[in-house]
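Peer 1: Quick one: structure below, then a few questions.
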Amino acid sequence: MENPLKRKADSANTDTTPKRAKPSLPKHAKRMFIQAKLSWTDQYGRHKTHEARLLLDCGCSGPILNKDFVWKTKVPWTRREVPISVLTADGEPMKEAGERYAQDLIMRIGHHQEELSWEVATLEEGIDGYLPVGWLQQHNPDIQWDTGKMEWRSDYCKKHCLPVSIKDAVRKFVQLVEEGKPWQVVSGTTI
Ligand SMILES: [Zn+2]
């Protein structure tokens, strides 16, 4: 037998159910870049340094330099005897990746310095390279994503990447650059 009270309650619930707000459309934030300096020694023993605009990219599995950047700045590279497979975030083979690599380039971001080896591949035009999430995990910087302020505070960086005078260094920060913004001063000191 139907319970009239329950039925009443059900219909009351139906009547008073608040209308759900229409789901908002997906929001897309601008991608964040790091402005770095890459240095190497060329075949004549000359020290070379070039600015590089690097995308923080969660989809790549290792650091990658754009072939255009490598060609243009004459970064020394080595061809693999047996190419390896490098996949993009959607699982497809990355264009012209896995055949060449650039070894032990010195990368400076503000006062943070390390040696890093890179795959060489065809990347999006205007981007000099990708830094993977694994790089972020290793150095574990403090990033304020809303302001783009990045500080090096990990024990790893203090041990491996920062100058000896880290008392001063750890107070400094790097400013990430939003896509589409003009070049700007990218390091400073917190107040
Ligand atoms: Zn570091």
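Peer 1: Do we find that residue 82 is of a type in the set (A, V, I, L, M, F, W, C) and either closer than 26 Å to residue 49 by Cβ or surrounded by 15 or more Cβ atoms within 10 Å (Cβ to Cβ) (or both) in this structure?
Peer 2: Considered against the rule, which asks whether it is of a type in the set (A, V, I, L, M, F, W, C) and either closer than 26 Å to residue 49 by Cβ or surrounded by 15 or more Cβ atoms within 10 Å (Cβ to Cβ) (or both), residue 82 comes out as no.
Peer 1: Identify, please: which residue in the stretch 118-170 is in contact with an Asp or Glu (Cβ under 6 Å, 6 or more places away or on another chain) and of a type in the set (Ser, Thr, Tyr) and is, among those, nearest to the ligand (Cβ to nearest atom)?
Peer 2: Restricting to residues being in contact with an Asp or Glu (Cβ under 6 Å, 6 or more places away or on another chain) and of a type in the set (Ser, Thr, Tyr), the top hit is 130.
Peer 1: Out of all the residues in the stretch 47-73, which are surrounded by 13 or more Cβ atoms within 10 Å (Cβ to Cβ) and either farther than 21 Å from residue 33 by Cα or in contact with a Cys (Cβ under 9 Å, 6 or more places away or on another chain) (or both)?
Peer 2: Across the stretch 47-73, the qualifying residue is only 48.
Peer 1: A further question on this structure: What's the number of the only condition in (1) closer than 20 Å to residue 121 by Cβ; (2) without any contact (Cβ under 8 Å) to a residue 60 or more places away in the chain that residue 47 fails to meet?
Peer 2: (1)
None of the figures in this text is laboratory data; all of them are computed from the coordinates on show. Predicted model, so just to flag it, every value in this text is computed and none were measured. Here the Cβ is made from the backbone with ideal geometry for all residues, glycine too, and neighbour counts use every protein chain on show.
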